[in-house]
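A.B. asks: This is the structure, below, for whatever I ask next.
Since every read-out is calculated from the coordinates, none of them should be taken as a lab result. Since the structure is predicted, the reported quantities are computational estimates derived from the model, not experimental observations. Every residue, glycine among them, receives a Cβ derived from its backbone with ideal geometry; neighbour counts consider all protein chains shown.
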Amino acid sequence: MGHTDGPPQSVRPAGADSAPVLPSPVLSVRTLTKRFPGVVANDGISLDFHAGETHVLLGENGAGKSTLIGMLAGMLRPDAGEILVQGSPVRILTPRQSLDLGIGTVFQHMLLVPSLSVIENLMLGGPWWQRLARGAAYRRFAELSECLGISLDPDLPVGHLSLGQQQQVEILRALWRDTRVLILDEPTSMLTPQGVRDLSAVLCRLCSQGVAIVLVTHKLAEAYDLGDRVSVLRQGRLVGGIAADEHRGMTEAQMTDQVIAMMFDPAHAPMADERAILLGRGNVHAPSVRRGAAPCLEVRNISTMPRTAAHGLQGVSFDLRPGEVLGIAGVDGNGQKQLAEVIAGQRAPSSGTVLVGGKDVTQGDVAARRNAGIRYVTDDRLGEGTVGSLSVAINLLLKNVGAEPFWHRGIADWARIRQAARDDIQRHDIRTRSEQTLLAKLSGGNIQKVLLARELGKAEGDVKVIVFSKPTHGLDLHNAQLAHRRIRESAAAGRGIVLLSTDLDELLTLSDRIGVLFQGRLVGIVDNGPGAGAAIGRLMTGAVAA
Amino acid sequence: MNTTWRVLLPILLALLAGAVVLIFLGKDPLAYYGYVMERGIFSWGGLQETITRMAPLLLIAAGLIVAFRAGVWNLGGDGQYLLAAVVTAALAPALVEVMPRALTLVICMVIAFVVAAIWSLLPAFLRARYGINEIVTSLMMSFLGISLANVLVKLFFWDPTTTVPQTRTLAIADRLPRIFGSNIHIGILLALVVIILVHLLMTRTAFGLKLQIVGASPKAARHAGLKVGALTVVTFALSAGLIGLAAAVEILGVWGNVRADWNPAYGMLVVPLVFLARLNGLAVIGFTFFFSSLMIGGESAARRIGVPQDFVLLLMGLVLAFLALVEYLDHRRRQRLGA
Amino acid sequence: MLTQPFLVALLFGAVTAGVPLLLAGMGEQISEKAGVLNIGIEGMMLLGAYCGFVAAYYSGSFALGFLAGGLGGMAVASLVALLCVRLGLNQIVIGIALTLGAEGLTALLHHFQFSRTYPRLDEAPVLALPLLADLPILGPALFAHNPLVYVSVALVAFLGWAFRHTYAGLNLEAAGVKPAALDAAGISVVGTRIGAVLATGFLAGVGGAYLANVGAGLFVPFMTHGAGFIGIVLAMLARGKPLWVLIGAALFGLSLALTTALQVAGINIPTDIVQMLPFALIMLVLVVFARHSVLPAALGLPYERGER
């Protein structure tokens, strides 16, 4: 492996001092265009990326950021336009070519093999007929780790690492060869506040060594904190940017105003709550808990068996009162899924009890929990929440199959099922050709609307508790804000809300109290208010509640 | 491409590829196919045999449709079929001596259903409880069942009056009644009723929809509160039971006994038919007729033209492969058009 | 009953019956590691058996027979590679189709080539390992076999090493567990899987040829009788460790050899009962070790870039 001959202590050969005066760009794209069936994901985008600079690509979900980096990484092929590396045009048809050109990418979803060790993941990609060059790999690992200030055990299976550590492995891999450009797609989405601080330290070091960093995010605050230069994408087009010198002299509020002006027509300027989502720095929500009311949900000492790669719950207990939003923070994989499933009745706890309105429902299955007044809006909308190969109408009734009045003695009443679906489609503004359309044809936002319609609609019984799991994950601003509004409305209507989210800002914006799950334990519950964010950040790394 | 073509094209391509093989083997494909058609459909005797053969094939198809719709790969049909056949053949001649014929026939069918269903329980349980691939386990149980059926014939039900090991024979008068003086027994009517019932079950009832949800996405099924494990076991049992019923109909209607080492091996052969019909119970009737005539004609052709019956196996393999290929090409074409 | 001839017959037979299972199991293990569920392996063995027999029959060379068997298996495997790996068609459907097709094709070809006769090959050449072959009982039972037997066992060690110490091993693991990671590392997932499937076809084909040429000395239609499927189970239970395939194959070889050995010992029970043994054993093993059988996460799923 040739890169082991590279100079020590440096990610790439020296010579690109981060000069403030514009040097020629390391990487450029010119009128890059990519079409998908029905949409132009990237429409004539031209951008320059400079050495020693962090260039933030900003835009809502669906603005075309991921498509752009997909083309740079060799995962997608452009339909038109060109990519230039140090001024000369190149063709990037495969990930290998991208790597060979010195472009390293850290994708939003971890692309590591959990069953292989750290060092094996880093070695992945060599010629198949050769023996593994372990010695050289360990040397390169030591060199890069020192240079980035990272300490990891190279022989640990990646599946045993925390998500923050896995991301460090991804960054190591992206830098493994002589990398000139490091692309990171939404790198903070799964990190603890401490993890974000570590990441920005690493990025600073890389910048000072002359690497060009491309940072993709949909949060304005991150663009302000981490970026030197900002470009804003909207519906596949480049709609503006903030140059490096301009950026240095701005306050956060100034930048926010300017960027929002680029992202939206004046006519559709976002409202205050939308701005909060955009900024990603939570407006701290004033708690409004009715302490006196009897709890609508009591979770008592719940434990579950650990499953592969996820922590089991250990003695989780909390109360939830009507009208209260209880946020549950924590990095993914610390037991959130298990907690949601135990409350919804999808998973039997190994010990403990769940009470709804004072009634023990621990033994009840999903249907019994629904009748008791529990609803669960899952985050795995396509994999678990819906069946793509069935119609919208069926998906709206997925949790009521066989129930009156849509089925009589097990026989379907299709006319009634369709009518009910048409009503829901109208009431919840679900954009679909008809109720017979296969669900897989709907957009992500509309699939979320189907879920919300099913779980929050006028369904059977009295709704007491709603569990939301990552309700805005992957949605555009409009749909994210819609989900937030539904959560607020439900709370205002006197329902207890359990809001599981990895997005701390979202929790701070919506919750009355926030609990933190760490390795399957509820390590603390914090009343929302000034200073709550910092306290939660400490708890997320496993510090014991003060 | 419309649906008709998507279905006919794989069949035509398979027949064409088969013709190439025949030419390679020095046989005239037109003569072969012509003879098969003539013997399988266009002669009264052949047509009766074709329709008679349809009965077990349709019931097996019903069993496979139930399983495949629920995403359960029950490939252990042969073992389930043979065990049910042996038990039927052993019971029927004994029962008919102590009770009326109609009752004997019904009881035999019920028991055949139950025996085959029991034989599917272990793979069903392993899949439901531990997620172990049911293809492998049902195949293992199939081999086990085939051998066990032989052991039963040789050690327990050997008719002492015969030299080759076989069960006692049910007298022709005691078998399933014929339809209007033809040689076709009423098993075909039963099979048609069952396949239509299965079709209605899968398309009109909550139970069918639940199976479909489990088949399409076990995760979504769990989320919706369906009892995935229980549904898997019920599906497996129903699927195997219908295959057992097919065996009972074949024994009670046609053979009257089971000889050791007899194995028609229908289980895998019906798989292509079910996929051609896209798991639709009504459509499968037509394909079963086609395939049944191919089998009957092929059996005559083996004697007359000297192309062994195994050619039908090859044809069915080709049909299935071409079906998958045509589906793929059609899917790609639609994607391009949609872009 | 445990006389010397009985033990020798039993162990010798176990090796002979076990080698095809070992080869099929190792082959399937390579495919499964890479994320391809090779249900068509039965068809690969069958075509391998036929091609191997015909080549050995006409050339008189067993080595050529094994080579032809391997190529026959690869021919079926190349269809899996094209249809399942390249085009992403359903691996189970294609597996069934190929098994049906290979059954029909080999039976047809055999019929036209040999009519209803079943010609036999000469005794397979035997390589008695020096010193080891002189051991009592174990010598004639284990160390006086066709050279392919030793090659197969050596292959177990080689694969065990290669899985851990070559880039190919890493690539296979990644292709089965997280194909997108392999793709991002610049290695073609499709290429890796095609390589794996072809290797599977070759090994399964050689296994089939051994079954026909050495095990039986002749070709009979449908003669693999589920050996390929047993290979799938062995690979499933071995969890990526070739040594466990060897242990499993030895165990099932032993139960298959019991028929012949019992006849040598003069005990006569219906062969059907003994034939049930390996399958009963497998079901027993599956029930007992149910929670330990592990398959790669992406097994059976086609890979398309950009789908996550």
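A.B. asks: Which far-off residues, 5 or more places away or on another chain, put their amide H under 5 Å from the one on A:A80, with H placed in the peptide plane?
C.D. replies: A:T33
A.B. asks: Tilt of helix A:444-456 relative to the longest C-alpha principal axis of chain A, in degrees (0 to 90, nearest 10)?
C.D. replies: Approximately 20 degrees, to the nearest 10.
A.B. asks: Another question about this same structure. At a Förster distance of 60 Å, what's the computed FRET efficiency of C:D122 paired with A:N301, Cβ-Cβ distance as r, to 0.05?
C.D. replies: According to the calculation, E is roughly 0.20.
A.B. asks: Let me know the Kirkwood hydrodynamic radius for segment A:2-269, please, with Cα pairs as the basis and the value in Å to one decimal.
C.D. replies: For segment A:2-269, inverting the mean 1/r across all distinct Cα pairs yields 19.1 Å.
A.B. asks: Averaged over all directions, how much area does the convex hull of the C-alpha atoms of chain B cover when projected, in nm²?
C.D. replies: Averaged projected hull area, Cα only: 19.8 nm².
A.B. asks: Additional query: List the residues, sorted by chain then number, that are 5 or more residues from A:G241 or on another chain and whose placed amide H is less than 5 Å from its amide H.
C.D. replies: Correct list: A:V232.
A.B. asks: Which whole-percent values make up P(r) of segment A:386-460 when all C-alpha to C-alpha distances are grouped in 10 Å steps starting at zero?
C.D. replies: 21, 57, 21, 1
A.B. asks: Give the aspartates and glutamates reachable from B:K210 as a straight Cα distance under 18 Å; neighbours fewer than 8 places away on the same chain don't count.
C.D. replies: Reachable aspartates and glutamates: A:D365, A:E384, A:E404, A:D413.
A.B. asks: Which value in nm describes the separation of the simple spin-label points at C:S61 and A:R77, placed 7 Å from the Cα toward the beta carbon?
C.D. replies: 4.3 nm
A.B. asks: Now a separate question. Suppose each label sits 7 Å from its Cα in the direction of the beta carbon; what would the A:S208-C:F6 distance come out to in nanometres?
C.D. replies: Here the answer is 8.1 nm between the modelled labels.
A.B. asks: Next up: Please work out, to two decimal places, the log10 of the ratio I(q)/I(0) at q = 0.05, 0.08 Å⁻¹ from a Debye calculation in which every Cα of the protein assembly as shown carries one identical scatterer.
C.D. replies: -0.40, -1.00
A.B. asks: Starting from the amide H of A:H311, placed 1.01 Å from N in the peptide plane, find each other amide H under 5 Å away whose residue is 5 or more places distant or on another chain.
C.D. replies: The answer is A:G335.
A.B. asks: Report, to the nearest 10°, how far helix A:414-427 tilts away from the longest principal axis of the Cα atoms in chain A, using its own Cα long axis and a range of 0 to 90°.
C.D. replies: It is inclined by approximately 60 degrees.
A.B. asks: A further question follows. May I ask you to list the lysines whose Cα is less than 24 Å away from that of A:K359, ignoring any residue fewer than eight positions away on the same chain?
C.D. replies: Within the straight-line cut-off, A:K359 pairs with A:K337, A:K399, A:K458, A:K464, B:K227.
A.B. asks: Per the Cauchy relation, a quarter of the hull surface: what is the mean projected area of the convex hull of the alpha carbons in chain A, in nm²?
C.D. replies: Reported value for the Cα convex hull: 26.8 nm².
A.B. asks: Using the Karplus curve 6.51 cos²θ - 1.76 cosθ + 1.60 with θ = phi - 60°, work out ³J(HN,Hα) for each residue of segment B:237-242 in order, rounded to whole Hz, and write x for Gly and Pro.
C.D. replies: Ordered by residue, 3J(HN,Hα) equals 5, 5, 4, 5, x, 5 Hz.
A.B. asks: Here's something else I'd like to know. Send over the per residue convex hull volume for segment A:81-156, Cα only, as a whole number of Å³.
C.D. replies: In segment A:81-156, the Cα hull volume divided by residue count equals 150 Å³.
A.B. asks: Using 28 Å as the Cα-Cα cut-off, could you pick out the over-long pairs in A:K441/C:K33; A:K34/C:K33; B:K219/C:K33; A:K65/B:K219?
C.D. replies: Table pairs above 28 Å Cα-Cα are A:K441/C:K33; A:K34/C:K33; A:K65/B:K219.
A.B. asks: Just for the protein assembly as shown, what percent of DSSP beta bridges are antiparallel, to the closest 5?
C.D. replies: 60 percent
A.B. asks: Measure nothing but the geometry: give the 0 to 90° angle between the long axis through the Cα atoms of C:271-288 and the longest principal axis through the Cα atoms of chain C, rounded to 10°.
C.D. replies: 40 degrees
A.B. asks: Give a residue-ordered list of calculated ³J(HN,Hα) values for segment A:152-158 (Karplus: 6.51 cos²θ - 1.76 cosθ + 1.60, θ = phi - 60°; whole Hz; x for Gly, Pro).
C.D. replies: The phi angles translate into 9, 7, x, 9, 7, x, 4 Hz.
A.B. asks: Counting only helical runs of four or more DSSP H residues, what would the 222 nm mean residue ellipticity of the protein assembly as shown come to if each run contributes -39,500 (n - 2.57) and the total is spread over all its residues?
C.D. replies: Calculated mean residue ellipticity at 222 nm is -17000 deg cm²/dmol.
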